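Following: one structure in structure tokens, then a few remarks.
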Amino acid sequence: MARATTPTSARPRPGDAAPAFSATTTTGERVKLADFRGRKLVLYFYPMDDTPGCTAQACSLRDHNAEITAKGAAILGVSAQDEQSHQRFTQKHRLNFPLIADTDKRVAKAYGVLGSGVFGLARSLMGAYERVTFIIDERGKVAHVIDHPDTGGHGEEVLRLI
């Protein structure tokens, strides 16, 4: 279960304080935004484990994780699937960063990635998030928002911004 301390539907923009959260990762570990103070965080939201676009995006980040880490950043993926789904996805594609099981959608709501209107309602009912990446700086501020990531080239996209 994930907990965000500032549940809102407004998407944070560059310069805004990143909404605080506490959530469970693939390994069962609790993580908080505050754990990443002093380093950058690539917080990416994706619709669903093991779909073609989500797999391409995760694998691109996996393949560039060493370079991203060398630039002082960590990666966290977030979707609504549970820990078991994330574990299967992680093992199948040898992901080298944790995924957050945001089953209660609190983190997604805090970051405004459920969408709005009829499509947002349908997405929320299906448990699928919009595909959005937030790059959070060392002070906990949103530095960049990638609203329409290039799934196959997302690792390179992130590297250009960090």
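The values are calculated or read from the model by the stated rules, or taken from the named source; none is laboratory data. Keep in mind that what you see is a predicted model, and the values were worked out from it rather than measured. In this analysis, Cβ positions are derived from the backbone assuming ideal geometry, glycine residues included, and neighbour counts consider all displayed protein chains.
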Exercise. Only one of Ala101, Ala74 is hydrophobic (A, V, I, L, M, F, W, C), farther than 14 Å from Arg131 by Cα and in contact with a Lys or Arg (Cβ under 8 Å, 6 or more places away or on another chain); which?
Worked result: Ala74
For this session: Considering only residues that are of a type in the set (D, E, K, R) and assigned to a strand (DSSP E or B), look in the range 28-54 and name the one that is surrounded by the most Cβ atoms within 10 Å (Cβ to Cβ).
Result: Lys40
Exercise. What's the number of the condition Cys59 fails, among (1) part of a loop (DSSP other than H, G, I, E, B); (2) at pLDDT 95 or above; (3) under 18 Å from Phe134 (Cα atoms)?
Worked result: (1)
Problem set entry | Checking Arg30 against (1) under 13 Å from the mean Cα position of the chain (by Cα); (2) farther than 22 Å from His148 by Cβ, the condition it does not meet | (1)
Exercise. Can you find a residue in the range 8-31 that is among the small types (Gly, Ala, Ser) and within 16 Å of Glu130 (Cβ to Cβ)?
Worked result: yes
Exercise. Among the listed residues Ala101, Ala80, Ala108, which satisfies the condition of being at pLDDT below 95, aliphatic (A, V, I, L, M) and under 16 Å from Thr51 (Cα atoms)?
Worked result: Ala80
